[in-house]
1. Specify which residue in the list Phe22, Asn39, Leu61 is farthest towards the positive end of the charge dipole of the chain, using unit charges on the beta carbon of Lys, Arg (+1) and Asp, Glu (-1), about the Cα centre.
2. Given the -39500 (n - 2.57) contribution per DSSP H run of 4+ residues, what per-residue ellipticity at 222 nm results for the chain, rounded to the nearest 500 deg cm²/dmol?
3. Could you pull out every residue, at least 5 positions away or on a different chain, whose amide H is within less than 5 Å of the one on Phe73? Hs are placed 1.01 Å off N in the peptide plane, and Pro or chain starts have none.
4. Given H placed on each backbone N at 1.01 Å, which residues far from Leu78 in sequence or on other chains put an amide H within less than 5 Å of it?
5. Could you tell me which of rounded, prolate or oblate describes the chain, using a ≥ b ≥ c as the square roots of the eigenvalues of the alpha-carbon gyration tensor, with rounded for a/c under 1.5 and, failing that, prolate when a/b is larger than b/c and oblate otherwise?
6. About the Cα centre, and with charges only on the beta carbon of Lys, Arg (+1) and Asp, Glu (-1), how big is the dipole of region 63-129? Nearest 20 debye, please.
7. What pairs in Lys67/Lys118; Lys72/Lys119; Lys72/Lys92; Lys72/Lys126; Lys6/Lys57 have C-alpha atoms more than 29 Å from each other?
8. Just the number, please: percent antiparallel of the DSSP beta bridges in the chain, rounded to the nearest 5.
Amino acid sequence: MDNKNKELKLDYKLTHTRIGVFQIRNMINEKILVVSGLNLPGIMNRHQFELRAGGHKNEELQSDWNKYGADKFAFEILDELTPRSEPGYDHKADLISLEDMWLENLQPYGERGYNEKKKTREERLKMIADNRLHKDDDEFR
């Protein structure tokens, strides 16, 4: 590999992507979808692409997008994390905490938004236990 390629590769590795939380806001009814990502420009672009293509996984948001049009929605960054300098630092836990804080603050559920409430730790543990019980039941039949 020549020096130019090595230099470009090093620059790429040292360049931090923007990490954080953004919202898609319906400017007609003020409903929002709160989303987080380790690559804000990439995740925002993905959501815009899915909405424009008519294939967003959030059916209610997609329906409103189709009804009101793209110009009635704003993509707004709510908060960003400062990347840590330690090599290999995993920002996922920090990002989850940041997203949870915004979800708690904005409560984008039901009439206020497009998000679904996250399951509590207890609800997730109960689901795991129930799945194991059903799996055990199936094995004994």
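1. Most positive-ward Cα: Asn39.
2. When only DSSP H runs of four or more count, the value is -16000 deg cm²/dmol.
3. Close amide H contacts, sequence-distant or interchain: Met27.
4. Long-range HN contacts for Leu78: Val21, Phe22, Gln23.
5. Cα axes put the chain in the oblate bin.
6. That gives a dipole near 380 debye.
7. Listed pairs above 29 Å: Lys72/Lys119; Lys72/Lys92; Lys72/Lys126; Lys6/Lys57.
8. Just about 95 percent of them are antiparallel.
Values quoted throughout were computed directly from the atomic coordinates according to the rules given, and no laboratory measurement underlies them. Quick caveat, the model's predicted, so the values are computed rather than measured. Because the Cβ atoms are built from the backbone with ideal geometry, glycine has one as well, and the counts that use them run over all protein chains shown.
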